[in-house]
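I have placed the structure first, in the form of structure tokens, so that the comments after it can refer back to it.
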């Protein structure tokens, strides 16, 4: 498995070896030894999540309140998406920085989102499935959104596409508004001592 640091501090892309034969293919999208070697820590899974989306759906930008926060490890076992990581941690050396990784069923590439980092994606193929491993369970009161169309962020959504977005995400505050309201995590609360 290959690991690559992303532009956001603490975020990584992982690309497994994919073994193909006349039956299809096999891969291990998460491998603990490779994860620990790249990140320097283990990943505790408290819950797994699964979403299926139509083409041109945009989900996010989502993160959870910190502490306790929620780290994520995501991949796309069916279809193709553009996965986006956004640093929303106040005081982070990469605050406001984003990066994009294309995830698909052939490469089974994965992205690790450390605590306090926002997650969003754009669905390229109809019926795409995203699989998530998360470090804490779902608690609705801890879920926070940043508007994916915040002009200051200039996120790379396709121009001219009829994007499908939840009402919650469409009316979510901008990054600056969320910061003013004290909704953003603090970097020092998100990193290990």
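The values are calculated or read from the model by the stated rules, or taken from the named source; none is laboratory data. Nothing here was measured: the structure is a model prediction, and the numbers come from that model. Positions of Cβ are backbone-derived with ideal geometry, glycine not excepted, and every protein chain shown enters the neighbour counts.
Here residue 150 does not fit the description of being farther than 30 Å from residue 21 by Cβ, out of contact with any strand residue (DSSP E or B) (no Cβ under 7 Å at 6 or more places or on another chain) and free of Cβ contacts under 8 Å to residues at least 24 places away in the same chain. For residue 40, state whether it is under 25 Å from residue 152 (Cα atoms), at pLDDT 95 or above, surrounded by fewer than 19 Cβ atoms within 10 Å (Cβ to Cβ) and more than 14 Å from the chain's Cα centre (by Cα). Here the answer is no, as residue 40 does not meet what is asked.
Among the residues making up the stretch 6-29, those that are out of contact with any strand residue (DSSP E or B) (no Cβ under 6 Å at 6 or more places or on another chain) and either surrounded by 13 or more Cβ atoms within 10 Å (Cβ to Cβ) or touching a residue at least 12 places away in the same chain (Cβ under 8 Å) (or both) are 9, 10, 16, 17, 25, 27, 28.
The criterion of at least 2 residues that are in contact with a helix residue (DSSP H, G or I) (Cβ under 9 Å, 6 or more places away or on another chain) and surrounded by 16 or more Cβ atoms within 10 Å (Cβ to Cβ) is met, among strands (runs of 3 or more DSSP E) falling completely within the stretch 75-193, by 80-87, 117-123, 143-145. Among the residues of the stretch 61-74, those identified as part of a strand (DSSP E or B) and either in contact (Cβ under 8 Å) with a residue 60 or more places away in the chain or surrounded by fewer than 18 Cβ atoms within 10 Å (Cβ to Cβ) (or both) are 61, 62, 63, 64, 72, 73.
Report, by residue number, each residue of the stretch 1-28 that is closer than 16 Å to residue 72 by Cα, assigned to a loop (DSSP other than H, G, I, E, B) and in contact with a helix residue (DSSP H, G or I) (Cβ under 7 Å, 6 or more places away or on another chain). Within the stretch 1-28, no residue meets the criteria. Taking the listed residues 40, 79, the one that is on the phi > 0 side of the Ramachandran plot and in contact with a strand residue (DSSP E or B) (Cβ under 7 Å, 6 or more places away or on another chain) is 79, with no other qualifying.
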